[in-house]
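Before any comments, here is the structure.
The values are calculated or read from the model by the stated rules, or taken from the named source; none is laboratory data. As the structure is a computational prediction, the values presented were derived from the model and not from experiment. Cβ placement follows ideal geometry from the backbone for every residue including glycine, while neighbour counts extend to all protein chains displayed. Each accessible area value is taken on the protein alone, full model and side chains, heavy atoms only, with ligands, DNA and RNA left out. Shrake-Rupley method; radii C 1.70, N 1.55, O 1.52, S 1.80 Å.
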Amino acid sequence: TYDNQRLLSNNNWGQKGVTHDALLVHYRRRGWNVQLGGAFNQSRDTLFSTDYNTSLGNYKALAFVILSKKLGAFRLSGVSITDGLQKKNTTNTLYARTTNGGILAWEQGRFGAALRGYYQSGQSESGAWINAWYAGADVNARLSNALTLSLGAEWQSGQDSTDKTDPHVHHFS
């Protein structure tokens, strides 16, 4: 799980629980933190094909890099995630969706705040071009070891259901 768990998390609160079986390489040195990860899914063990035709909408392939640097009370992070989604009813067409963005976080004693922004591009599982974004902000105060008070807001691009001519996907996923 990373940051506020908006992009990568073990979530079991939705209709479909999501966990990740992935290779993770982690490197830390002089305040730098670099994490590289990758995953590959298929429906069953086979010798010659890699079919992952599932109704769950999960990725077939995943690659990500998260680079962060601590600067005093601040932490600056860059995130890039690419997931490959298999085209429905095919085994050899993979559409790539990329999410790029960053996080600026501040923590001082019991108080903290963070700003996040991401842009999503590439193609959806149906092959439509993606043009979507996400922004978030939050502040928090640790009242005790067992209790933290947080206040935050998130904004996401969305789809205009009245515009039938726009071929792009604008909802952030």
Quiz item: When the residues of the range 1-41 are filtered to those that are modelled with pLDDT under 75 and more than 23 Å from N100 (Cα to Cα), which remaining residue is least open to solvent (accessible area, probe 1.4 Å)?
Solution: G14
Quiz item: Looking at this structure, is S150 more than 29 Å from L67 (Cβ to Cβ) and loosely packed, with under 15 Cβ neighbours inside 10 Å?
Solution: no
Quiz prompt | Leading residue by the ranking (surrounded by the most Cβ atoms within 10 Å (Cβ to Cβ)) among those in the range 80-112 that are of a type in the set (K, R) and over 30 Å from L149 (Cα atoms) | solution = R97
Quiz item: Does L143 count as of a type outside the set (K, R) and out of contact with any Leu (no Cβ under 7 Å at 6 or more places or on another chain)?
Solution: no
Exercise. Output yes when any residue across the range 98-121 is over 30 Å from K69 (Cβ atoms) and either assigned to a strand (DSSP E or B) or in contact with a Lys or Arg (Cβ under 9 Å, 6 or more places away or on another chain) (or both), and no when none is.
Key: no
Exercise. With the checklist (1) modelled with pLDDT under 75; (2) within 22 Å of N100 (Cα to Cα); (3) open to solvent by 50 Å² or more (accessible area, probe 1.4 Å) in hand, flag the one item G57 doesn't pass.
Key: (3)
Self-check item: Filter result (buried (at least 16 other Cβ atoms within 10 Å of the Cβ) and closer than 30 Å to W106 by Cβ) within the range 158-173
Solution: F172
